[in-house]
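Below is one structure, written out as structure tokens; comments come after it.
None of the figures in this text is laboratory data; all of them are computed from the coordinates on show. Computed from a prediction, not measured in an experiment: that's the story for all the values here. All Cβ positions, even for glycine, are placed from backbone atoms using ideal geometry, and neighbour counts span all protein chains on display.
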Amino acid sequence: MPQHVAIIMDGNGRWAQKQSHQRIFGHQNAMTAVRQAVEAAVACGVKYLTLYTFSTENWNRPQEEVDGLMELLIKAVREETKTLMDNNVRLETIGDTSRIPERSRSKLMECVKETSGNTAMTLVLALSYSARWETAEALRHICEDAAAGTLKSSEVTEETLRSYLATRNYPDPDLLIRTGGELRVSNFLLWQMAYTEFYFSEQLWPDFRHEDFYDAVADYQNRQRRFGKTGDQVAKK
């Protein structure tokens, strides 16, 4: 069973357009899929579920859509806090949340605080996040510590860099699910997904259900993860 599953929730806009609605309609109808993914992950025993909710590049979308997404964030947090509590799920975030409007950020932090004692699973929302932003932030802090004399260049290893990443408290994703039929990672967890198994679904995100999550996990369970070793070496373990 994967310990950490990451999802790129793609296809909201196209789903709305198929319904002859504006793009925001797709985002509004995506919450059912989020709820089902969370419930399915908890049922499977997944410990970490990271959802690519809003990228740093998404700030470049039409202002009307961005404003609608920020309002939807408030509504979703308010309505889904009970679901998180009922499923014993802790909510956390990664990304440059300083860019999120104060009203939305305040509601989000209320939910983070309220669910902080839950232990079944950690739901991580990647908000105003991109992997290149994360890497640049990590390198900036490394340079600051080196300038302050608290870090020597000879001490910098892969683990050093990992400790400066936004995901330092989480294991790397075992499985990435991307919906919507696109075959790319879109600047998401690039460092962390060096050995992640990818699963691409044609399903548009608003139509994603428990069964789709289970299908992805079942596909993952039929793969052999070698991490640079041979198949025979892994089979002997």
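Looking at the P(r) of the range 144-237, how many percent of alpha-carbon pairs lie beyond 24 Å?
Value for the range 144-237: 43 percent of Cα pairs lie more than 24 Å apart.
So between residue 211 and residue 114, what do we pick up on full extension, going 0.36 nm a residue minus the alpha carbon distance?
Details: separation 97, 0.36 × 97 = 34.92 nm, distance 2.93 nm.
In short, 32.0 nm is gained.
Starting from 0 in steps of 5 Å, tell me what percent of the Cα-Cα pairs of the chain lands in each bin.
1, 6, 13, 17, 19, 17, 13, 7, 4, 3, 1, 0
What are the semi-axes of the equivalent ellipsoid of the range 57-152, taken as the square roots of 5 times the eigenvalues of the Cα gyration tensor, listed largest first and rounded to whole Å?
28, 20, 10
Work out from phi, with θ = phi - 60° and the Karplus expression 6.51 cos²θ - 1.76 cosθ + 1.60, the ³J(HN,Hα) of each residue of the range 92-106, listed in order in whole Hz, and give x for Gly and Pro.
Computed from phi, the couplings for the range 92-106 are 9, 10, 10, x, 8, 5, 5, 7, 7, x, 3, 4, 5, 5, 5 Hz.
Using alpha-carbon pairs under 8 Å, 6+ residues apart, how would you state the relative contact order of the range 34-120 in percent?
About 34 percent, as a whole number.
What's the magnitude of the charge dipole for the chain around its Cα centre, counting Lys and Arg as +1 and Asp and Glu as -1 at the beta-carbon? Answer in Debye, nearest 20.
Using only the charged Cβ atoms, the result is roughly 240 debye.
Would you be so kind as to identify which of 94, 189, 25 lies farthest towards the positive end of the dipole of the chain, taking Lys and Arg as +1 and Asp and Glu as -1 on Cβ and the Cα centre as origin?
Of 94, 189, 25, it is 189.
Here are some pairs, 75/113; 18/47; 18/82; 82/113; which of them have Cα atoms lying more than 25 Å apart in this structure?
The pairs that break the limit, which is 25 Å between Cα atoms, are 18/47; 18/82.
Please list, in chain and number order, the residues 5+ apart from residue 11 or on another chain whose amide H is under 5 Å from its amide H, with Hs placed from the backbone.
The answer is 205.
Take the alpha-carbon centre of the range 145-209, take the same for the range 1-48, and report the distance between them in whole Å.
Result: 19 Å between the Cα centres.
Principal axis lengths of the range 84-138 from Cα atoms, whole Å, largest first?
Sorted from largest, the Cα extents of the range 84-138 read 36, 24, 12 Å.
For the range 31-38, what does the Karplus curve 6.51 cos²θ - 1.76 cosθ + 1.60, with θ = phi - 60°, yield as ³J(HN,Hα) per residue in whole Hz, taken in order and with x for Gly and Pro?
Going residue by residue, I get 5, 4, 5, 4, 4, 5, 5, 4 Hz, with x marking Gly and Pro.
List the residues of the range 196-221 whose backbone N lies under 20 Å from a point placed 7 Å from the Cα of residue 235 along the Cα-to-Cβ direction.
Flagged as within label range: 220-221.
When the Kirkwood radius is taken over all Cα pairs of the range 28-93, what Stokes-Einstein diffusion coefficient follows at 25 °C and 0.890 mPa s, in µm²/s? It would help to have the intermediate numbers written out before the result.
Details: Rh = 13.2 Å.
Value of D from the Cα-based Kirkwood radius: 186 µm²/s.
Can you list the HN-Hα couplings for the range 149-164, worked out from phi with the Karplus curve (6.51, -1.76, 1.60; θ = phi - 60°), rounded to whole Hz and with x for Gly and Pro?
Listing the rounded values in order: x, 8, 9, 9, 4, 5, 8, 7, 10, 4, 5, 4, 4, 4, 5, 9 Hz.
Provide the FRET efficiency to the nearest 0.05 for the residue 39-residue 139 pair, computing r from the beta carbons and using R0 = 35 Å. Please list the in-between numbers first.
Values: r = 38 Å, r/R0 = 1.08.
Calculated value: 0.40.
How long is the gain from residue 31 to residue 102 if the chain were fully straight, where each residue apart is worth 0.36 nm and the alpha carbon distance is subtracted?
Extending this stretch completely gives an extra 23.4 nm.
Before rounding to the nearest 500, sum -39500 (n - 2.57) across all DSSP H runs of length at least 4 in the chain and divide by the residue total; then give [θ] at 222 nm in deg cm²/dmol.
Numbers: 9 runs with 106 residues, N = 237.
Rounded to the nearest 500, the figure is -14000 deg cm²/dmol.
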